[in-house]
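Everything below concerns the one structure shown next.
FYI, it's all coordinate maths here, none of it is from the lab. A quick note: this is a predicted structure, and the numbers were derived from the prediction, not measured. All Cβ positions, even for glycine, are placed from backbone atoms using ideal geometry, and neighbour counts span all protein chains on display.
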Amino acid sequence: MTRLLKAIRLDVSDTKVFPLAAEAGDWVIPGTFAFRAYTDEGLTGKLRQAFVSGFLSLENFGWSTLATPAEISDEDRERLLTKLCEHFVEEHGAPSIEAARPVAEAELNDTAEIASELDLNALLAISREIDEDDGTIRESFHLVTPPGDAPHTRIWDVTEDE
């Protein structure tokens, strides 16, 4: 079975910092293509937060700070591929589903490659920046690990604003 990434939510902060938050358990991809038309100056507020540290949900096209690898059935993968193709046509100007398919497949394959190298239940984060010289977007991934052999633990609380 193939692995992809799923959104994981440890608290409600994603609902506060992103334009739209992914739901816990949504299938996600890095989604860096979503920022291809932006300059550094054009990325502000919640959109900048999505750019800096968000994985893109293939369910609601919201954002998640953390992802974890999970096994996906062939049927679910095909459903996600169709949704991503439709998204490319509706939101990113692809001329047709057929034209979008190879790009969508590449996005899922790249994500599967990332997920295949991780242990199940690993916590993965993404970070992006725009190169000041040539405008290239650079993305990097890192594991969120507790210090030493300690288990993951809550390190902050998020409270609702009044």
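The figures follow:
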read-out	value
Segment 17-124, dipole about Cα centre (Lys/Arg Cβ +1, Asp/Glu Cβ -1), debye to the nearest 20	460
J(HN,Hα) series, segment 29-42, from Karplus relation 6.51 cos²θ - 1.76 cosθ + 1.60, nearest Hz, glycine and proline x	10, x, x, 4, 4, 4, 10, 4, 9, 9, 9, 4, 5, x
Relative contact order (%) - criterion: Cα under 8 Å, at least six apart; region: the chain	26
Gyration tensor verdict on segment 101-143 (Cα atoms; rounded if a/c is under 1.5, prolate if a/b is larger than b/c, oblate otherwise)	oblate
Exposed-site-free run, longest, the chain (rule: trypsin sites (Lys or Arg not before Pro); DSSP loop; at most 14 other C-beta within 10 Å)	37-153
DSSP-loop GluC sites (Glu not before Pro) across segment 73-148, with at most 15 other Cβ within 10 angstrom	Glu117, Glu132
Cut-off under 5 Å, modelled amide H: who pairs with Val28 long-range	Leu5, Lys6, Ala7, Leu58
Shape call, segment 1-90: gyration tensor on alpha carbons, a/c limit 1.5	oblate
Label selected from (i) 35; (ii) 16; (iii) 25, the criterion being percent of Cα pairs over 27 Å apart as computed here	(iii)
